[in-house]
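> There's a structure below that I have some questions on.
The values are calculated or read from the model by the stated rules, or taken from the named source; none is laboratory data. Only a predicted model underlies this, so the values are computations on that prediction, with no experimental measurement involved. Neighbour counts run over all protein chains shown; Cβ positions are idealised from the backbone, glycine included.
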Amino acid sequence: MHFTAELRASDELFQALAEAITIGVMKNLDQRFTVLESALAKAREGKHIPTDNRDPKGTTSTSKVLTRRQVLKILGVSGTTLWRMEQSGTFPKGRQISTRRVGYLEADVEAWMQNRQAA
């Protein structure tokens, strides 16, 4: 009988915990759904949908992201040379896109090329 009471209490506790988690998840999903509905409505109206494309300096960028391979082809240098240029500060450093991917803002590469031509 004692074992049955403990089992019933733990079952009630588990049900209460599951309910609390479900309520929290549902509130979070509801908030996200509201944001998505708003963005979709603005897109249908042709309005700009704000995105958080901020660089580390806090400025917003709409520049295309180039892969390392694309930058190497544009510059006509080797991977080692690009790495050395980044380390010495003579070329803009790449931005971490994911754990194994680095990208370069097209605007940064173009600005660097224009500065090189002007010099």
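> Return the residue satisfying two criteria in turn: it lies in the stretch 50-77 and is modelled with pLDDT under 75 and surrounded by 10 or more Cβ atoms within 10 Å (Cβ to Cβ), and of such residues it is farthest from Ile97 (Cα to Cα). Explain how you work it out, then say what you get.
Taking the stretch 50-77 and keeping what is modelled with pLDDT under 75, we get 50-63.
Within this subset, residues satisfying the condition of being surrounded by 10 or more Cβ atoms within 10 Å (Cβ to Cβ) are 53-55, 60-61, 63.
Working: Asn53: 12, Arg54: 13, Asp55: 11, Thr60: 16, Ser61: 14, Ser63: 14 Å.
Result: Thr60.
> Within the stretch 71-102, count every residue that is within 20 Å of Asn115 (Cα to Cα), within 25 Å of the chain's Cα centre (by Cα) and touching a residue at least 12 places away in the same chain (Cβ under 8 Å).
5
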